[in-house]
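Here is the structure we will look at, set down as structure tokens.
FYI, it's all coordinate maths here, none of it is from the lab. A quick note: this is a predicted structure, and the numbers were derived from the prediction, not measured. Cβ atoms come from the backbone with ideal geometry, glycine included; neighbour counts cover every protein chain shown.
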Amino acid sequence: MRKGVKLGSSQGYWGLSYHMEEAYLEKNISFQPIFSPPIAIFSNKYYNELCDLNHEKVHDYCFIGSINSWYENRKWVIDFAKKYFTSKSIFINTDNDPNWKLLGDFDYSNKNLGYCPKNQQNNQSKNVQYRVIKENLFYFETMCKSKYVLCPAGDTEWSFRFYETLMCKTLPIVISWHHTYRTKEEANIKYKYLW
């Protein structure tokens, strides 16, 4: 963790800074770490690695992430999955909770298929926050092969998964359009919303 940073701020996230650093270095631009960049920027290399994955849509819905850590912000995901997920869906609660009750035949929780950064030591380090695609193939390939990915808020109003979902060429599902941006600059991006 870096000094002077209040974790859980509504806009900041070290994962974004690590990606921004890679994008700047790719263009030979000097970079100073920024906890809350105005616009999320990713390198061409990272995006191209995601584009090279299989994008044949074989899953309808997908959610791979922690539930327990942010239950209040994510309980809608459970209700949504119970109502809409099918045998073609993938649901994984990455908390590895031994008391988790499976939601249906689409629920693969407790099979060690997902990854929960919050459970790692030094969880704000680049080693934890920067998801190397080749080391997280199941996570990224599942999103790439899904039509929709649930992107609930976590400890902030937005989710890093939202950016990943867009790069995976998949449609993100959020409970509010306010969960699609961190900053006023991102709020001005003209996404099309369906509801």
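A protection proxy built from the mean count of other Cβ atoms within 10 Å ranks the segments 42-55, 151-164, 69-82, most packed first, as 151-164, 69-82, 42-55. Positive contributions from Lys and Arg (+1) and negative ones from Asp and Glu (-1), summed over other residues with Cβ under 13 Å from the Cβ of Lys45, come out at -3. When each of the peptides 28-34, 62-68, 182-188 is scored by the mean number of other C-beta atoms lying within 10 Å of its residues, the order from highest to lowest reads 62-68, 182-188, 28-34.
Taking Lys147, Lys111, Lys57 as the candidate residues, the one with maximal mean-square fluctuation in a Gaussian network model of the chain, Cα springs under 10 Å, is Lys111. Computed about the Cα centre, the dipole magnitude for the range 54-179 is approximately 220 debye when only Lys and Arg (+1) and Asp and Glu (-1) carry charge, each at its Cβ.
All Cα-Cα distances of the chain, cut into 5 Å bins from zero to the largest, leave 1, 7, 15, 20, 22, 18, 10, 5, 1, 0 percent in each bin in turn. Determine the distance separating the Cα centre of the range 91-110 from the Cα centre of the range 14-75; give it in Å without decimals. Here the two parts' Cα centres lie 24 Å apart. Measure nothing but the geometry: give the 0 to 90° angle between the long axis through the Cα atoms of 71-84 and the longest principal axis through the Cα atoms of the chain, rounded to 10°. That helix lies at roughly 50 degrees to the long axis.
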